[in-house]
Amino acid sequence: MPALHTPKQNHLLAALPAADYARLAPDLELIPMPLGWAVYESGGHMNYVYFPTTCIVSLLYVMESGASAEIAITGNEGLVGISLFMGGESTPSRAVVQSAGHGYRLRASVLKREFALGAHLQHLALRYTQALITQMAQTAVCNRHHALDQQLCRWLLLSLDRLESNELVMTQELIANMLGVRREGVTEAAGQLQKEGLIHYSRGHIQILDRAKLEKRVCECYAVVKKEFDRLLPYRLPRTATATNRR
């Protein structure tokens with residue numbers, strides 16, 4: 001694996017004191033996380049917790065009909081697999097990589113050892129879980145009360161906050177599946193944002209042209225989620241519209 005990969009690209013791991021990090025480091029395994037890979041399935045047994053570094057993972061709820069909708073996303077600010085330390089080893093949701101990259105996985109037994117010690121990882125993981133619950137709740141409210149173009153703005157901004165670039169590789173069909181809407185609706189919403197000069201969309205590539213305008217266009221749900229993550233996880237570096245537009 002390339003030397004440029006390091007567990008400290010994940011902000012939870014980077015926030016650990018030196019002694020805690022040194023204890024975990026030998027058990028952290030770097031793995032590729034390709035687009036569309038199911039990190040875990042609904043009801044499946046979970047053997048690992050995952051710490052994304054350069055990828056984004058969507059948490060989806062799948063209906064009996066096969067229809068699905070995204071309930072939250074996780075990137076380098078957190079982890080995937082909260083059920084392992086929240087009282088169970090399975091979950092009704094599904095976790096799928098929405099933006100390819102890499103991450104580190106940690107065996108469930110090692111995670112449970114850390115929690116038994118009451119170490120810093122436990123404290124950080126529980127605070128992250130509280131922030132994640134806020135994201136899930138706000139997503140449900142947003143999907144019910146806000147227009148599709150605002151939902152798309154929220155989704156784009158949350159994704160960008162978890163990447164180092166201002167470009168996403170994502171088809172309109174996949175976005176529709178994430179938002180739980182028809183593809184035609186996403187096509188119309190993305191077309192309107194492109195017409196206003198906020199994004200450029202071509203063949204599955206979405207480039208953000210003006211983040212400041214995107215932040216003005218989005219509903220309040222994005223700010224609610226970001227504020228809670230910043231409050232609970234102060235290690236996260238702020239990402240400003242100005243910095244993004246300089247890229």
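The values are calculated or read from the model by the stated rules, or taken from the named source; none is laboratory data. From a predicted model like this one, the values you see are computed outputs, not experimental measurements. Reconstructed Cβ throughout: ideal geometry from the backbone, glycine too, with neighbour counts over all protein chains shown. Side chains included, ligands, DNA and RNA excluded: accessible areas come from the protein's heavy atoms. Shrake-Rupley method; radii C 1.70, N 1.55, O 1.52, S 1.80 Å.
Taking only the C-alpha atoms, wrap a convex hull around region 144-206 and report its volume per residue in Å³ as a whole number.
Per residue, the Cα convex hull of region 144-206 comes to 82 Å³.
Under Stokes-Einstein, with the Kirkwood radius over Cα pairs standing in for Rh, what whole-number D in µm²/s applies to region 63-120 at 37 °C and 0.692 mPa s? Don't skip to the answer; put the middle values down first.
On the way: Rh = 13.7 Å.
The Stokes-Einstein estimate is 240 µm²/s.
Could you compute the FRET efficiency for D27 and A147, with r as their C-beta to C-beta distance and R0 at 51 Å, rounded to 0.05?
Numbers: r = 45 Å, r/R0 = 0.89.
Once rounded, the FRET efficiency stands at 0.65.
Probe of 1.4 angstrom, ligands and nucleic acids ignored: what's the accessible area per residue over the chain, in square angstrom? Present the calculation step by step, with values, prior to reporting the outcome.
Details: 11480 Å² over 247 residues.
About 46 Å² of surface per residue is accessible.
Helix 108-117 versus the longest principal axis of the chain: what is the Cα-based angle in degrees, 0 to 90, to the nearest 10?
Approximately 70 degrees, to the nearest 10.
Based on the mean of other Cβ atoms within 10 Å per residue, sort peptides 205-211, 43-49 so the most packed one is first. Walk me through the numbers on the way to the answer.
Working: 205-211: 18.0, 43-49: 15.6.
So the peptides 205-211, 43-49, ranked by packing, come out 205-211, 43-49.
Each label point is 7 Å from the Cα along the Cα-to-Cβ direction; what then is the distance between the points at R203 and A223, in nm?
Distance between the two pseudo-spin positions: 3.9 nm.
To the nearest 500 deg cm²/dmol, what mean residue ellipticity at 222 nm is calculated for the chain from DSSP H runs of n ≥ 4 alone, each contributing -39,500 (n - 2.57), summed and divided by the residues?
On the way: 10 runs with 106 residues, N = 247.
Taken over the chain, the calculation gives -13000 deg cm²/dmol.
Under a point spin-label approximation (7 Å from Cα along Cα-to-Cβ), what is the E41-A140 distance to one decimal in nm?
Each label point lies 7 Å from its Cα, and together they span 2.6 nm.
Where the accessible area of region 6-123 is counted over protein heavy atoms with a 1.4 Å probe, how much of it, in %, is carbon and sulfur?
Values: 2640 of 4760 Å².
It is 55 percent, rounded to a whole number.
As an exercise, identify the GluC sites (Glu not before Pro) in region 169-217 lying in DSSP coil whose Cβ has no more than 16 other Cβ atoms within 10 Å.
Details: sites: E173, E184, E188, E196, E215; in loops: E196.
When the GluC sites (Glu not before Pro) of region 169-217 are filtered for loop state and at most 16 Cβ neighbours within 10 Å, E196 remain.
Under a cut-off of 15 Å between alpha-carbon atoms, report the aspartates and glutamates in cross-link reach of K213, not counting same-chain residues fewer than 8 places apart.
Here the aspartates and glutamates satisfying the reach criterion relative to K213 are D149, E196.
Regarding the chain, what is the average projected area of its C-alpha convex hull, in nm²?
Mean projected area for the chain: 13.1 nm², to one decimal.
Report Rg(Cα)/(2.2 N^0.38 Å) for region 102-193, keeping two decimals.
Details: Rg = 17.4 Å, N = 92, 2.2 N^0.38 = 12.3 Å.
So region 102-193 has a normalised radius of gyration of 1.42.
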